[in-house]
Amino acid sequence: MASIEIFIGAPIEYASERATLKHACEFLSGHGIPAVILANVNLGDRQVDLVIAIDHAALVIESKGFTSALRGGYNGDWETRLASGAWKKFRNPYLQALSEKMALRDAMRIFAGAEVPYPGAALVFVPAVPPGSTIKRGNLKVSIGGLDELPAFITSMKRDGWPLDQWRAFAAQHRLLPAPSIDAALSLQLLDAEQLLGAYREAFMRTYGGAASEMVPMLCVCEGEELSSEVVLDRSVQGDNVLLTGPSGCGKSLLSYRIGLAGLARGNVPIIVPAKDFEENFRDVVNREAALLEAESAGAVISAARRLNRRLMLVVDGYNECMPGERQRLTRSIAAAVKRYDAQAVISSRMPLERGDLLPSRSYAVQIPDTKTKLAIAQQAAGGVSAEPFEELLGSVASGLEAKMIGQLGQQLPPDTSKYGLFDAYVRERLGSAASDGIRALSRIAGMMTERITFGLSVRELDRLSDREGISGALLQKLADANILGRRGDRVSFSHEMFLNVFAAEAIIRRADDDPEAVVTALRLPQHLEMKPFVLGAIDDNSFRRQVLPQLSDERVIRACLAGQCGPDARLWANERCDEVLARVGQEIESVQFDVSDEFMWHVQAKPETVQSWSAQDRAILAVIPDELIAGRRLDELLSLIGKMDDRLEEEHRRLLDQAREKKLGLRTGLYAVCYADVMMPKIGLSCICSPIGKGLLYSGPKVAANANLLGRLQSEALSPGQIGLLIELDRYSERDAPSIGTILPGILVRMWPKATRHLRLGLMRAAERSAHALNDDERRALIAAIKATCMTNSGLDYCGRLDALKSLGALDDDQEEHVATVRAEMNEVLADRDNPDSWRRAAGLWNAQFDHPYDGAYWEGWYDLSGDDRKVLQVMAAKSVDCDSMFTPSLIAEVASHSEPAVAPIIERFTGLPPKKNPFFHDSIRTFAMAHVALARLRCPLPDRSAEAVSAADHALLASGRLLYWLHRDDLPLSERKSNCAAPLAILSRHETGVAAAVVGEFLMSDLIEKARPLAGSEPIVTSFGQFFPDEIAAIYRAALEKSTLQSGYFEFFRIEDVIAKALVNVGRYGSASDIPLLRSWSIHSDLGRFAIQAIREIEEAPGQMKLRAKG
């Protein structure tokens, strides 16, 4: 530093300038280059960050500390990419550096009284040009680069300027202060900010580092792709908002902490935001968290972060634990903070975000830990004690938290410990001599919470409860020290939701007082849904439990019993019941007979008198047997039953063949479908087991156990069609790296395809698709050859499945490349005859083909290669012919309207008509109907009057809903005028005596419309719920549906009253008031819908601030 002199105009306040100064000094002193440096000086009306003067050369430097991607050029504003994906404009830094260069030259000329040479100039990004930026690389006037390019900028300066003595005189003339060191040149406020963030960093790592550092890599799913949590951690560096979803205890909170800690290591500033503490004011909850980490306030942390160019990270933990009435406000608060501070949000939640459109995020579903992950978690917690002896116990738990407990308890627990016993032992271990009193207190607290349906109590409520129950303050402190209870602000809650479930179960047992009927009654209440496995595990008397179990028909309870979560006797009982039910399945196979008729789906139906009568508990048993098969249990037994059923089907086929031929009806496929695909009533027991597997309903659970040996079983040539069907459908749930059945599929196809039914053929083709990634080139070619040689090329589903399989195997790649020319030629033909209705039909086909065609890539490429004008013309032509009930029509409407040409309005108007009532694709029809109304609104075009077409009350209600959508999307009008125009359609929907509004309005709760409507112009987001604007009116509609449930009907023939009531309960909870609670309580006892009523009550009771605001409005 002896050869470098620093002069400052004012203390340096920004980290980017400080870093540039440091780097320059290190380079100059390291190479022995004398220099005079002017820092943070004002020359004329310009502030100049740095001037580095060496002998006969000078360089003006403008420092910038951006971390997000940039775009910009020599002219106009530049933009930076926000976490939401939006771009924010800021002043052109190139022009800023150029103007500072000119300002310095003017000041030099005034000082010298003569012409002077131009100094050099550089725009330096600290530490580097942000990844993903598209900016100019500089020119002769201003160099542009990262901090590592600064030495090159210095050494390449043109040596035609002042000597250093003249620069010293220049500094004195401008009354610049000499700084004896770099530290003296830096801002005191900057130093204070660094010290504050340093202390915050240490406190953050002490608080969250320990638990997060122990996290074992977990499986996550993003947009259908399976990836490790380590990949999620790496992707978080990109700066996008992150949403982590998953069940309780899967590790999503730990992963969010890891992401925060990784950001901390990169220099970011994470702030944990406990969602359950949020009540109206976001600032309050972040201030409380900052205070816990030894900071003066969150504002001080944020201010320091901004001063030091550190990116803010908002780690929102447990979004689902936020009071229901506050969730939308919380989403808005997070979104506002992200935008204001250019922050990144990382959110963990068991549920989707309310108004998630305000906070675009990359979503990752954290999966339930598999056996390998649970063993790793337990082993880590166990330290030097092996966790392998407890692998069976690990199989009985689902969450990482439980696996950690097993590891911590080591070899103290027997392998058959129930889920409840695990938690009980853990708490007793933590509480020591205070265990009995502590568990009594915890059960009282949990019982009070479940009665009130809440996740926490106020400190006042806890004081009163403690006074009644004789719970001492010392004991409460002991529970807090053991991290079982926690307090934030004036709310006390369990540290983990599972503790609440465990001790609520204990409360049920204590209140029952050895009365099994009391336990059964409690378990039937919706608020105890999550506690059932814990209650059964808490019962120590096997005979008592055996009086409870026969009265339960919840498949989740049966599943927990089979997994060992309720103890060894409950597992024994569940296995005995499985044996009984499967024995009756065998009896049914021996007795079942079928009828054929063109009135039946697939033309076949089982004779009702020949099938078993299944009780509610029987059906629950049948529903959980697929999980047993996934676990590798009972597979031989079920394959034997399927083999017998296939023999029975051959007998029935021979018996019914003449009838089927006489009626010209297919028979073999129908018999297979009824027995294995669950398509008809009465349902056959075997179909109740097989159909969930074939429908893909088990993806959220564990993968197929290795001992299932699917590949080995499929190598047998003695397998029947149904047996092959089960095994290949089970394979869809195998680990990605499991042995691929694709290696033996060619032999199966040759042997089985001629006699395979349609369902089996589709299953075989799906298996070929799934195998593509695991096959080498020779195996892939062998499978392609087998498909082409063996599988018939008939039309319909078989043909589509065959093409999809060949496409996945890469067999169509060359054909698709060649098909691009065909697509382009057809597009040119259609465009050349644009007034021909047949051309419109072909244009519609071209539009649909880019989404649903074996060569969809060729069609997409064809559309992409069109000029803007041709693409617009072809889209308009397609819109003239495309079907209203096509799932691809809404996006076409949005594209046509995106050109902002009112002339297309008449084309879009045809989609505003009443859709057919008897339509199996009614959801697509409604989306088309809705998109047409939104599009006309965005085009500012009038809505056609279709009231004369309405015949029924449901017709009028649907048209009224369309008008609501239209007026709410007229963002060119003031909101007051839009709401006024909504009065007439609202009046129609408020005719509660017709009983149609709830079902019709419910069809318009469509969050997926947001994505399809993205091309539409507009200053406001797409409306997905009328309740956003008319909460009281929507509450009244759904309230009337609950009061007059028997009166309800819908627009479409495919109507389910259960769906209407479920939506009514949810929306009364969201938009209703305290006066609705008695009505909701009357629904809370409903066996299937009661849980929705309980949730609605909780939303209303926990949203007093929201209700006050609504009352004022």
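Given the conditions (1) over 24 Å from Ala435 (Cα atoms); (2) more than 29 Å from the chain's Cα centre (by Cα); (3) in a helix (DSSP H, G or I), and given that His528 satisfies all but one, which numbered condition is not satisfied?
(2)
Go through segment 574-625 and report how many residues are small (Gly, Ala, Ser), within 40 Å of the chain's Cα centre (by Cα) and part of a helix (DSSP H, G or I).
Number of matching residues: 4.
Answer yes if at least one residue in segment 857-871 is in contact with a His (Cβ under 7 Å, 6 or more places away or on another chain) and within 25 Å of Leu812 (Cβ to Cβ), and no otherwise.
Yes, the conditions are met somewhere in segment 857-871.
Looking at segment 531-563, which of the residues that are surrounded by fewer than 17 Cβ atoms within 10 Å (Cβ to Cβ) and part of a helix (DSSP H, G or I) is modelled with the lowest pLDDT?
If we take residues in segment 531-563 being surrounded by fewer than 17 Cβ atoms within 10 Å (Cβ to Cβ) and part of a helix (DSSP H, G or I), then Arg556 is modelled with the lowest pLDDT.
Rundown of residues vs (1) surrounded by fewer than 19 Cβ atoms within 10 Å (Cβ to Cβ); (2) at pLDDT 85 or above; (3) touching a helix residue (DSSP H, G or I) at 6+ places or on another chain (Cβ under 8 Å), yes/no style:
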{"residue": "Cys800", "(1), (2), (3)": "yes, no, no"}
{"residue": "Ser808", "(1), (2), (3)": "yes, no, yes"}
{"residue": "Leu812", "(1), (2), (3)": "no, no, yes"}
{"residue": "Asp815", "(1), (2), (3)": "yes, no, no"}
{"residue": "Asn828", "(1), (2), (3)": "yes, yes, no"}
{"residue": "Ser839", "(1), (2), (3)": "no, yes, yes"}
{"residue": "Leu846", "(1), (2), (3)": "no, yes, yes"}
{"residue": "Gly857", "(1), (2), (3)": "yes, no, yes"}
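Cβ-Cβ distance below 7 Å, separation of 6 or more or different chains: which pairs start in segment 476-493 with a residue that is within 10 Å of Gly456 (Cα to Cα) and end on one that is assigned to a loop (DSSP other than H, G, I, E, B) and of a type in the set (Phe, Trp, Tyr)?
Ser493/Phe455
Looking at Ala35, Ala19, Ala57, Ala53, which is the one that is assigned by TED's automatic domain parsing to the domain that holds Met157, in contact (Cβ under 8 Å) with a residue 24 or more places away in the chain and in contact with a Leu (Cβ under 6 Å, 6 or more places away or on another chain)? Walk me through it before giving the result.
Details: Ala19 fails: in contact with a Leu (Cβ under 6 Å, 6 or more places away or on another chain); Ala57 fails: in contact with a Leu (Cβ under 6 Å, 6 or more places away or on another chain); Ala53 fails: in contact with a Leu (Cβ under 6 Å, 6 or more places away or on another chain).
Exactly one residue qualifies, and that residue is Ala35.
Condition first: surrounded by fewer than 21 Cβ atoms within 10 Å (Cβ to Cβ) and not in a helix (DSSP H, G or I). Now tell me which residues in segment 564-573 satisfy that. Before you say what the answer is, go through the steps one by one.
We begin by selecting, within segment 564-573, every residue surrounded by fewer than 21 Cβ atoms within 10 Å (Cβ to Cβ); these are 568-569, 571-572.
If the condition is that a residue be surrounded by fewer than 21 Cβ atoms within 10 Å (Cβ to Cβ) and not in a helix (DSSP H, G or I), then no residue fits.
Please specify each residue of segment 651-704 satisfying the condition of being over 20 Å from Asp731 (Cβ atoms), of a type outside the set (A, V, I, L, M) and not in a helix (DSSP H, G or I).
Of everything in segment 651-704, those that are over 20 Å from Asp731 (Cβ atoms), of a type outside the set (A, V, I, L, M) and not in a helix (DSSP H, G or I) turn out to be Lys663, Lys664, Gly666, Pro682, Lys683.
For Ala705, indicate whether it is free of Cβ contacts under 8 Å to residues at least 60 places away in the same chain and not polar (S, T, N, Q). Break it down stepwise before answering.
Values: free of Cβ contacts under 8 Å to residues at least 60 places away in the same chain: no; not polar (S, T, N, Q): yes.
When the stated conditions are applied, Ala705 does not pass them.
Residue check, Cys791 against (1) closer than 14 Å to Pro746 by Cβ; (2) surrounded by fewer than 19 Cβ atoms within 10 Å (Cβ to Cβ); (3) at pLDDT below 85, all met but one. Which one?
It is condition (2) that Cys791 fails.
Can you run down the residue pairs with Cβ atoms below 9 Å, 6 or more apart or on separate chains, where the first is in segment 361-381 and over 14 Å from Cys250 (Cα atoms) and in the same structural domain as Asn241 (by TED's automatic domain parsing) and the partner is of a type in the set (Lys, Arg) and surrounded by 20 or more Cβ atoms within 10 Å (Cβ to Cβ)?
Once the first residue is over 14 Å from Cys250 (Cα atoms) and in the same structural domain as Asn241 (by TED's automatic domain parsing) and sits in segment 361-381, no partner that is of a type in the set (Lys, Arg) and surrounded by 20 or more Cβ atoms within 10 Å (Cβ to Cβ) comes close enough.
Pick from Ala932, Ala897: which is surrounded by 20 or more Cβ atoms within 10 Å (Cβ to Cβ), touching a Leu at 6+ places or on another chain (Cβ under 6 Å), outside any loop (DSSP other than H, G, I, E, B) and touching a residue at least 12 places away in the same chain (Cβ under 8 Å)? Even if it seems obvious, please write down each step before you answer.
On the way: Ala932 fails: touching a Leu at 6+ places or on another chain (Cβ under 6 Å).
The conditions single out Ala897.
Scanning for something closer than 14 Å to Pro1015 by Cβ, touching a residue at least 40 places away in the same chain (Cβ under 8 Å) and outside any helix (DSSP H, G or I), does segment 862-885 turn up at least one residue?
The answer is no, given that none of the residues of segment 862-885 is closer than 14 Å to Pro1015 by Cβ, touching a residue at least 40 places away in the same chain (Cβ under 8 Å) and outside any helix (DSSP H, G or I).
Being modelled with pLDDT of 90 or more and crowded, with 24+ Cβ neighbours inside 10 Å is the filter; apply it to segment 244-256 and report the residue that is farthest from Ala83 (Cα to Cα). Can you show your working first?
First, the residues of segment 244-256 that are modelled with pLDDT of 90 or more: 244-245, 255-256.
Subsequent filtering for residues that are crowded, with 24+ Cβ neighbours inside 10 Å retains 244, 255-256.
On the way: Leu244: 16, Leu255: 19, Ser256: 17 Å.
Checked segment 244-256; the qualifying residue farthest from Ala83 (Cα to Cα) is Leu255.
Residues are listed down the side, and each one gets a yes or a no for (1) surrounded by fewer than 20 Cβ atoms within 10 Å (Cβ to Cβ); (2) under 23 Å from the mean Cα position of the chain (by Cα); (3) at pLDDT 80 or above:
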site	(1), (2), (3)
Glu1011	yes, yes, no
Ile1022	no, yes, yes
Thr1046	yes, no, yes
Leu1065	no, no, yes
Gly1072	no, no, yes
Pro1104	yes, no, no
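Given the structure, is Met102 modelled with pLDDT of 90 or more, surrounded by fewer than 22 Cβ atoms within 10 Å (Cβ to Cβ), more than 47 Å from the chain's Cα centre (by Cα) and not in a strand (DSSP E or B)?
Working: modelled with pLDDT of 90 or more: yes; surrounded by fewer than 22 Cβ atoms within 10 Å (Cβ to Cβ): yes; more than 47 Å from the chain's Cα centre (by Cα): yes; not in a strand (DSSP E or B): yes.
When the stated conditions are applied, Met102 passes them.
Please state which one of Asp955, Asp924 is touching a residue at least 12 places away in the same chain (Cβ under 8 Å), in a helix (DSSP H, G or I) and surrounded by fewer than 19 Cβ atoms within 10 Å (Cβ to Cβ). Working first, answer last.
Working: Asp924 fails: surrounded by fewer than 19 Cβ atoms within 10 Å (Cβ to Cβ).
The conditions single out Asp955.
Any idea which of (1) closer than 19 Å to Glu530 by Cα; (2) crowded, with 22+ Cβ neighbours inside 10 Å is the one Leu622 doesn't satisfy?
(1)
Could you list, in sequence order, the residues of segment 575-613 that are of a type in the set (Val, Ile, Thr), crowded, with 17+ Cβ neighbours inside 10 Å and farther than 30 Å from Ala563 by Cβ?
The answer is Val592, Val596, Val604.
How many of the residues making up segment 708-751 are in contact (Cβ under 8 Å) with a residue 60 or more places away in the chain, over 25 Å from Glu650 (Cβ atoms) and among the hydroxyl-bearing types (Ser, Thr, Tyr)?
Of the residues in segment 708-751, 1 are in contact (Cβ under 8 Å) with a residue 60 or more places away in the chain, over 25 Å from Glu650 (Cβ atoms) and among the hydroxyl-bearing types (Ser, Thr, Tyr).
Filter segment 467-488 down to residues that are outside any helix (DSSP H, G or I) and in contact with a strand residue (DSSP E or B) (Cβ under 7 Å, 6 or more places away or on another chain) and give me whichever is farthest from Ala290 (Cα to Cα).
Residues of segment 467-488 outside any helix (DSSP H, G or I): 470-472, 482-488.
Checking which are in contact with a strand residue (DSSP E or B) (Cβ under 7 Å, 6 or more places away or on another chain) leaves us with 484-486, 488.
On the way: Ile484: 22, Leu485: 21, Gly486: 17, Arg488: 12 Å.
Taking the candidates together, the pick is Ile484.
Of all the residues that make up segment 220-264, how many are of a type in the set (Val, Ile, Thr) and in a strand (DSSP E or B)? Break it down into steps so the answer makes sense when it comes.
Pass one, segment 220-264, residues of a type in the set (Val, Ile, Thr): 221, 231-232, 237, 242, 245, 259.
Filter once more, keeping what is in a strand (DSSP E or B): 221, 242, 245.
Qualifying residue count for the region: 3.
The values are calculated or read from the model by the stated rules, or taken from the named source; none is laboratory data. Not measured: the values here are computed from a predicted model. All Cβ positions, even for glycine, are placed from backbone atoms using ideal geometry, and neighbour counts span all protein chains on display.
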